[in-house]
Structure formats: structure tokens, C-alpha cells
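Presented below is the structure to which this report refers.
The values are calculated or read from the model by the stated rules, or taken from the named source; none is laboratory data. Being a predicted model, the structure only gives us computed values, none of them experimental. Ideal geometry is used to build each Cβ from the backbone, glycine not excepted, and the neighbour counts take in all protein chains shown. With ligands, DNA and RNA removed, areas are computed over all heavy atoms of the protein, side chains included. Shrake-Rupley method; radii C 1.70, N 1.55, O 1.52, S 1.80 Å.
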Amino acid sequence: GMDYAISYDVSSFLDASIEKVLHTLFEAFVLVSLVVYLFLGDFRSTLIPTLAVPVSLIGTFFFMRMFGMSINLITLFALVLAIGVVVDDAIVVVEAVHEKMHTKHLGPYAATQEVIGEISGAIIAITLVMTAVFIPVTFMPGAVGVFYRQFGLTMAMSIILSGVVALTLTPVLCAMILKPHAHGDAHAHGHE
């Protein structure tokens, strides 16, 4: 009867879809990198948000396993959306460091230290607000609630992790990777 028709092809459909979503994940990642490159204007700056994404996603996978959650369409879809959040956090940090290096003529390390002192509060606030948005979703009842719960938890985990990464890894990368600005700032948009 009806059940048979539904369960018949569901596993091969899931395999195909998961592959599609993984492709989407990768495409989203590439597109975001391009946008970041256009926005930040140099390769070194672009590298930082791009490195932050895999770290956050792999971290999210790790926590999903701890919570006994599987990698399925719903959780993968949440991860695709999470890329935006992770990159967003990283861009805020990188931009702020550039701004500091430019206005105060500081080296990358000193600039990063000042930035973290100033914007860590904002990043924590953003992280908490965005996590809070997904908490009600996890309390939805019924069978549909199970899907929402997985989606909400995956989003919440990746958002919290991207906040943590923005406060820990991203500053370290900024201090290591960014080059000090020249005083004339003639090559702010140079290739290096």
C-alpha cells in the first residue's frame, strides 16, 4: 500500500540529495569566497573567512555526532545557511583589523588585539541573538518537530561555533596573515 510506495526509493533519493547538498555546500563556499574577495579586495584577507568556514563546519559535524544527530538533508541544509553566518563573523573581524591598521597605522598584531577588545562584545551579542532565534524552533511538537529540531540545533551549533572562531581563530589568522598597511596606502588594493 501507501507506506511501501514511500519507503521504496527513499534511501537512494537521500543519497542522491545528500550528494547534491554537498555540491551546494561547496558551491556556496566558492561563491562566498568570491564575494568576500570582491569586498575585501585582496587574497590574504579573503583567506581568513575562507579558513574560518571549514573549521566551523567540521566543528559542527563533531558536535552533531556528540548529540547523536545524523548528517541528512535537513542538517546539511542548515550547514549551507551557516556558511553565511560564519563568513559574516569573520568579515567583521577582518574589516575591523584593516580599519585599525589604516587609521592608527598599527601592525596586524597590534591592530588585531585592539579590535578584539572592541568588538568581542558585539560578536557575542550577534551570536546569542542568532542562536536565540533558533531555540523556539527546537521545541516544535510532533513529527515535523523532529525535523525542525535537527535544523534548529544544527544552526545553533554552527552559529555558536562561528562566534567562538571569530573570537579565537580569526584574530590569530589576522595577526599572522594580514600584511601591515603602507603609510601611503598606495597598495591597499594591491595583489599581495
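Quick rundown of the values:
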{"quantity": "Condition met for Met101 (farther than 12 Å from Ala175 by Cα and modelled with pLDDT of 90 or more)", "calculated": "no"}
{"quantity": "Selected residue (criterion: farthest from Ser56 (Cα to Cα)) from residues of the stretch 128-150 that are open to solvent by 80 Å² or more (accessible area, probe 1.4 Å) and of a type in the set (Phe, Trp, Tyr)", "calculated": "Phe139"}
{"quantity": "Count of residues meeting criterion [open to solvent by 20 Å² or more (accessible area, probe 1.4 Å) and either modelled with pLDDT under 90 or more than 16 Å from the chain's Cα centre (by Cα) (or both)] in the stretch 62-84", "calculated": "13"}
{"quantity": "Enumeration of residues in the stretch 162-174 that are among the aliphatic types (A, V, I, L, M) and open to solvent by 30 Å² or more (accessible area, probe 1.4 Å)", "calculated": "Val164, Leu167, Leu169, Val172"}
{"quantity": "Sole exception among (1) under 29 Å from His181 (Cβ atoms); (2) in a helix (DSSP H, G or I); (3) open to solvent by less than 70 Å² (accessible area, probe 1.4 Å); (4) of a type outside the set (Val, Ile, Thr) for Leu153, by number", "calculated": "(1)"}
{"quantity": "The stretch 31-46 - residue that is open to solvent by less than 60 Å² (accessible area, probe 1.4 Å) and in a helix (DSSP H, G or I) and, of those, nearest to Val94 (Cα to Cα)", "calculated": "Ser45"}
{"quantity": "Residue that is surrounded by the fewest Cβ atoms within 10 Å (Cβ to Cβ) [pool: residues in the stretch 87-100 that are more than 13 Å from His181 (Cα to Cα) and hydrophobic (A, V, I, L, M, F, W, C)]", "calculated": "Val92"}
{"quantity": "Residue match in the stretch 101-122 (condition: touching a Ser or Thr at 6+ places or on another chain (Cβ under 6 Å) and open to solvent by 70 Å² or more (accessible area, probe 1.4 Å))", "calculated": "no"}
